[in-house]
Amino acid sequence: MPSVLAASSAQSTTASLVVDAPSGLRDGQLLFAVMSMNSSGSFADMTAPSSTWELVGAGLNTSGRPRVKVWRKSADFEPAAYTFSKSDGPSGVITLLALDGFDPAAPIHITPSYSTFSPATTSHVAPSISPTLPNTLLVCVFTSNSPSGSHSTPSGMTEWADISAASTNHSVCTEARAGTGSTGTRTATASSSAVASTLSMAVANQTTTSVTASDTASGSDLVGLEPVVALGDTGTGSDSVSPGTDLAVTDIATGSDTVDAGQWAKQAASDAAAGSESVALDRTTFADLAEQGSGDEQTAILRATGLADTATATDSAAAVVRSTTLADAASGVDDVRVVDIPFTRVLPLRSGPVYDLVVVARVPQVAGPPAFIEVDPIEWKQIRYGNTLSQPQDLEASCLISSVTDPVVQRLRRLSDAATELWLYRNGKIVFAGPLVGWRTSGESLTLSARGLLAYLSLMVITKDLRFDQVDQFSFVTTMIDQWQVLDYGNFGIDTSTVGASGVKRDGTYLRDELHNVAQRVAELGQRINGFDAEVDPATRKLQLWYPLKGVDRSSGEDAIVVDARNITSGDTLCSVAAGDLASEAFGTGTSSGASGTLFSARENPELRARYGRCAVTGTWSDVSEQTTLDAHTQALLDARSEALIVPGPDVRVTPDADLANYSIGDTIAYDLQAQLGITGAFRIRHQRVSVSSTGQESVTLEFV
């Protein structure tokens with residue numbers, strides 16, 4: 001049955017919550033993190049230290065009630081302390097629980113169920129849930145907006161934390177339950193009357209698989225243990241294996257072992273003729289040199305597993321998923337009573353993340369940023385959202401018309417009267433935000449369309465003469481945006497205050513009468529030689545400009561993102577040197593320039609011309625009136641066509657080592673599809689489109705620069 005072995009807590013009013021790891025924490029244990037924050041904070045600001053923490057649930061985002069989020073992770077070489085983040089100012093508390101005896105394949109039997117209480121009361125009731133499995137652990141959390149408060153412990157429960165910050169208190173309690181069915185509610189009495197939020201959830205019991213095995217010199221075994229274990233023996237050696245997550249072991253007559261174990265990199269064990277063994281596991285080495293004659297013994301601790309060999313005895317072992325002892329002798333007969341599961345090197349799909357789509361009212365103000373009010377969530381059926389370098393994000397979400405709440409329906413009926421945005425949360429973090437630009441219906445289905453925050457630049461026009469003389473190019477951008485956002489009702493909440501300098505200085509003149517669109521001018525500046533990439537962060541609404549390029553090279557090293565046969569779901573690939581895809585000459589034209597006529601620019605690539613022959617590409621920029629700007633555009637047009645166009649892909653599935661949280665557009669990743677045809681190497685991501693099914697599974701379409 002699941003049980004809590006240790007707990008730790010911390011509190012803070014700053015943006016960081018630093019909490020120690022529970023005492024005695026061991027690899028393989030289940031860690032829960034429960035964070036509570038008072039009602040003045042933002043759900044979006046409540047984040048875990050890294051993507052290895054999986055969001056279990058986020059409480060009801062109800063105005064005036066405290067916020068509660070729960071994450072989990074499997075302990076694996078854990079640090080001494082963790083830093084969680086929240087809104088700066090509102091008080092917050094956090095508690096970590098370390099559990100054992102849970103089901104590692106599906107530890108969460110029932111995800112959190114929430115209740116809120118307003119007006120203020122001292123009776124805070126966690127909702128009833130109904131486990132369908134025996135021997136579960138009930139976990140309840142009681143959170144209130146009360147200074148220096150406390151909660152009583154509900155009858156029959158064990159309290160692991162009752163901690164307060166300036167205006168936040170939470171109590172975390174558990175109870176072991178043998179039976180199934182309704183748990184009934186649990187009530188904690190607060191020391192002072194306060195608004196509150198509560199939750200109840202259930203952790204599943206550990207499952208057990210029994211294995212009996214013995215080997216002869218000429219036999220071979222195949223043993224499948226939950227989740228996936230493969231074992232094959234030949235020759236005269238004796239071996240013992242304790243499975244972790246994914247484990248494959250193959251023995252040959254000379255006694256050489258290789259081990260490939262799921263979450264760790266590569267792990268190897270070797271048996272020499274003298275009988276000495278060593279097991280190298282990531283950053284830890286286990287060795288046993290005390291082997292005598294025909295017998296040998298070794299004990300290696302790996303996620304609470306045991307390893308022992310004896311050359312003269314036959315052993316019987318009961319395998320409990322993560323705790324297994326298996327030994328072979330040369331005189332027995334194989335007897336395996338486990339379903340055989342073939343070993344595979346294909347990585348498993350990660351469990352689907354939690355996506356929440358929320359309709360948000362944007363209320364314009366005469367001066368200053370608009371107010372944002374969350375209206376209601378959307379019960380979506382499918383979501384598709386895309387990110388492209390230096391272009392606005394885009395999003396489409398479908399749902400049933402009948403599932404849309406009345407407040408949202410009223411906004412959709414009069415979109416021109418009520419400015420509306422869509423915010424998309426992925427595991428509690430905003431990954432898309434921007435204006436709702438329209439909707440369409442088909443039968444009972446409703447599809448909503450939205451653009452990212454960078455799209456607001458398309459609504460801005462330069463309304464006064466702007467002249468720049470050797471000014472940093474980033475100042476061009478912030479000045480154009482700010483001159484619009486200082487106008488009455490012109491502020492869309494885009495924060496330019498943190499933009500620094502690129503070090504590239506330019507001259508430029510933008511006259512009011514020329515009717516310059518800000519989005520077009522920003523795009524034009526970014527596309528010049530020594531230009532930049534631009535976006536508006538959906539979570540913070542801060543303008544972000546990168547020089548010379550956005551992104552990180554993630555194609556090599558320990559944390560490399562590798563897309564290959566494990567991830568690629570479509571082998572379709574395009575290679576093209578057709579007209580317009582490869583060019584040694586580029587010609588461009590701009591607008592009229594007085595008596596000299598239309599601006600003209602020519603650029604060349606002599607090296608490509610000598611190798612491939614002379615081939616041209618052209619471009620026209622009707623809004624470019626300066627020769628230096630036109631030359632920069634023409635050179636960029638040529639540079640983009642210096643090699644054959646290769647479009648790998650298109651679809652990639654999300655796996656633990658290629659999670660969306662680990663890379664983004666602009667990053668360079670390793671791609672390996674057709675080594676024979678040269679479709680392998682490092683590629684920089686230009687566009688990324690994510691499709692999310694109703695089950696939460698993600699598929700990604702990538703396009704490369």
Item to complete: Take the residues in the range 626-643 that are in a helix (DSSP H, G or I) and among the charged types (D, E, K, R), then tell me which one is farthest from residue 591 (Cα to Cα).
Response: 639
Worksheet entry | Count of residues meeting criterion [farther than 23 Å from residue 41 by Cβ and buried (at least 16 other Cβ atoms within 10 Å of the Cβ)] in the range 154-186 | 11
Fill in: Residues of the range 80-101 that turn out to be within 23 Å of the chain's Cα centre (by Cα), under 17 Å from residue 9 (Cβ atoms) and outside any strand (DSSP E or B), as a count
1
Worksheet item: Considering the range 371-422 alone, what residues qualify as being farther than 20 Å from residue 453 by Cα, of a type in the set (Ser, Thr, Tyr) and part of a strand (DSSP E or B)?
Response: 398
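Residue-wise test of (1) surrounded by 14 or more Cβ atoms within 10 Å (Cβ to Cβ); (2) modelled with pLDDT of 95 or more.
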site: 367; (1), (2): no, no
site: 371; (1), (2): no, no
site: 374; (1), (2): yes, no
site: 391; (1), (2): yes, no
site: 396; (1), (2): yes, yes
site: 448; (1), (2): yes, yes
Discussion item. Can you report the number of residues in the range 375-395 which are of a type in the set (Asp, Glu) and out of contact with any helix residue (DSSP H, G or I) (no Cβ under 9 Å at 6 or more places or on another chain)?
Written reply: 0
Worksheet item: Can you tell me how many residues in the range 459-479 are under 20 Å from residue 364 (Cβ atoms) and aliphatic (A, V, I, L, M)?
Response: 3
Response to the item:
Inside the range 120-141, the number of residues satisfying the requirement of being in a strand (DSSP E or B) and more than 13 Å from residue 192 (Cα to Cα) is 8
Item to complete: Look at the range 145-167 and say how many of its residues are more than 23 Å from residue 98 (Cβ to Cβ), modelled with pLDDT of 90 or more and either aliphatic (A, V, I, L, M) or touching a strand residue (DSSP E or B) at 6+ places or on another chain (Cβ under 6 Å) (or both).
Response: 1
Practice prompt. Would you tally the residues in the range 37-58 being among the charged types (D, E, K, R) and within 14 Å of the chain's Cα centre (by Cα)?
Written response: 1
Worksheet item: Residue check: is residue 483 exposed (fewer than 13 other Cβ atoms within 10 Å of the Cβ) and either in contact (Cβ under 8 Å) with a residue 60 or more places away in the chain or not in a loop (DSSP other than H, G, I, E, B) (or both)?
Response: no
Fill in: Residue in the range 437-446 that is within 25 Å of residue 541 (Cα to Cα), touching a residue at least 40 places away in the same chain (Cβ under 8 Å) and surrounded by fewer than 14 Cβ atoms within 10 Å (Cβ to Cβ) present
no
Worksheet, complete the sentence: Cβ pairs under 8 Å, 6+ apart or interchain, first in the range 374-385 and acidic (Asp, Glu), second surrounded by fewer than 16 Cβ atoms within 10 Å (Cβ to Cβ) and assigned to a strand (DSSP E or B), ordered by first then second residue, are 379/400
Worksheet item: Restricting to the range 9-32, what's the tally of residues that are hydroxyl-bearing (Ser, Thr, Tyr), more than 24 Å from residue 89 (Cβ to Cβ) and touching a residue at least 24 places away in the same chain (Cβ under 8 Å)?
Response: 0
Practice prompt. Return the total of residues in the range 444-480 being within 28 Å of residue 504 (Cα to Cα) and assigned to a loop (DSSP other than H, G, I, E, B).
Written response: 6
Worksheet item: Any residue at all in the range 59-67 that is surrounded by 20 or more Cβ atoms within 10 Å (Cβ to Cβ), on the phi < 0 side of the Ramachandran plot and under 23 Å from the mean Cα position of the chain (by Cα)?
Response: yes
Worksheet item: Has the range 502-511 got at least one residue that is under 30 Å from the mean Cα position of the chain (by Cα) and not in a helix (DSSP H, G or I)?
Response: yes
Worksheet item: Is at least one residue of the range 83-103 touching a helix residue (DSSP H, G or I) at 6+ places or on another chain (Cβ under 6 Å) and surrounded by 23 or more Cβ atoms within 10 Å (Cβ to Cβ)?
Response: yes
Worksheet item: Condition test on residue 45, is it crowded, with 18+ Cβ neighbours inside 10 Å, touching a residue at least 12 places away in the same chain (Cβ under 8 Å) and under 21 Å from residue 374 (Cα atoms)?
Response: yes
Worksheet item: Given 127, 104, 112, 119, which one is in contact (Cβ under 8 Å) with a residue 24 or more places away in the chain and touching a Ser or Thr at 6+ places or on another chain (Cβ under 6 Å)?
Response: 127
Worksheet item: Would a scan of the range 149-157 turn up a residue that is over 30 Å from the mean Cα position of the chain (by Cα) and in a strand (DSSP E or B)?
Response: yes
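The values are calculated or read from the model by the stated rules, or taken from the named source; none is laboratory data. This structure is a prediction, so every number in the text was calculated from the model and none was measured. As a convention, Cβ positions derive from the backbone with ideal geometry for all residues, glycine included, and neighbour counts pool all protein chains shown.
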